[in-house]
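One structure is given here, and the rest of the page talks about it.
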Amino acid sequence: MDSLPIIELRRIEANIIKPIYDEMVRSLGKEQAQEILGRAIIQNAMDHGASYAANENVEPDLTAFAALLPQWTQNDALEIDMIEQSESQLDFNVTRCRYSEMYREMGLGEIGHLLSCNRDGSFCDGYNPDIKLTRTQTKMSGASHCDFRYAYEPKGE
């Protein structure tokens, strides 16, 4: 499945998660179902980030992280406006997010942030905890764009 575009992988996952989430809501209530799902997705993203870092042939710094962007944008999944890209900063805005569009079309708009947006910073935690994401808005929450601001802050510097 690693050869699939990430957006297609997320579609497959969402199709599996949807009936499980629906049953969790019926059994546990919406709040607890979302809390459990959120924790599971965050842990999965951290594990995924750690796996990427372990398989890199280079130091998992911000430059290597930026080289991963085409995987998330593949198949026009994201349209981005790059603002700054350096060894210490990676800033861009997402102006179109097909992940958000896909989750809404699937009837999963209320948990799209759990299935997608929560992964972003958590992936970094697993990939390299010195990479920090600051984001104040997302298209998933109804904003005009997502503002991704990654900073590389190695410990001890």
Scanning for something of a type in the set (A, V, I, L, M, F, W, C), buried (at least 17 other Cβ atoms within 10 Å of the Cβ) and touching an Asp or Glu at 6+ places or on another chain (Cβ under 9 Å), does the range 14-23 turn up at least one residue?
no
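Just name the residue that is nearest to the chain's Cα centre (by Cα) out of those in the range 49-96 that are β-branched (Val, Ile, Thr) and in a helix (DSSP H, G or I).
In this case the residue turns out to be Thr73.
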All but one of (1) without any contact (Cβ under 8 Å) to a residue 12 or more places away in the chain; (2) part of a helix (DSSP H, G or I) hold for Gly142; state the number of the condition that does not hold.
(2)
For the range 89-111, the count of residues that are crowded, with 17+ Cβ neighbours inside 10 Å and either over 16 Å from Glu13 (Cβ atoms) or without any contact (Cβ under 8 Å) to a residue 40 or more places away in the chain (or both) equals 5
Write out, first by first residue and then by second, each pair whose Cβ atoms fall under 9 Å of each other, whose residues are 6+ apart or on separate chains, and whose first residue, in the range 46-58, is without any contact (Cβ under 8 Å) to a residue 40 or more places away in the chain while the second is part of a helix (DSSP H, G or I) and buried (at least 18 other Cβ atoms within 10 Å of the Cβ).
Glu56/Tyr127
Matching residues, the range 30-61, being aliphatic (A, V, I, L, M) and over 10 Å from Tyr127 (Cα atoms)
Ala33, Ile36, Leu37, Ala40, Ile41, Ile42, Val58
Could you go through the range 47-60 and let me know if any residue there is within 30 Å of Lys30 (Cα to Cα) and touching a Pro at 6+ places or on another chain (Cβ under 9 Å).
yes
Residues (without any contact (Cβ under 8 Å) to a residue 12 or more places away in the chain and either of a type in the set (Val, Ile, Thr) or over 20 Å from Pro70 (Cα atoms) (or both)) located in the range 1-29
Ile12, Ile16, Pro19, Ile20, Asp22, Glu23, Val25, Arg26, Ser27, Leu28, Gly29
So which residues in the range 113-139 are touching a Lys or Arg at 6+ places or on another chain (Cβ under 7 Å) and among the small types (Gly, Ala, Ser)?
Ser116
Pairs with Cβ under 7 Å, 6+ apart, first in the range 59-73 and without any contact (Cβ under 8 Å) to a residue 12 or more places away in the chain, second not small (Gly, Ala, Ser)
Ala64/Glu56; Ala64/Val58; Thr73/Ile80
How many residues does the range 119-139 hold that are in contact (Cβ under 8 Å) with a residue 12 or more places away in the chain, of a type outside the set (Ser, Thr, Tyr) and outside any helix (DSSP H, G or I)?
7
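Read-outs throughout are calculated quantities, based only on the coordinates presented, and are distinct from any laboratory measurement. Since we're looking at a predicted model, the values are computed, not measured. Note that we place each Cβ from the backbone using ideal geometry, even for glycine, and neighbour counts take in every protein chain shown.
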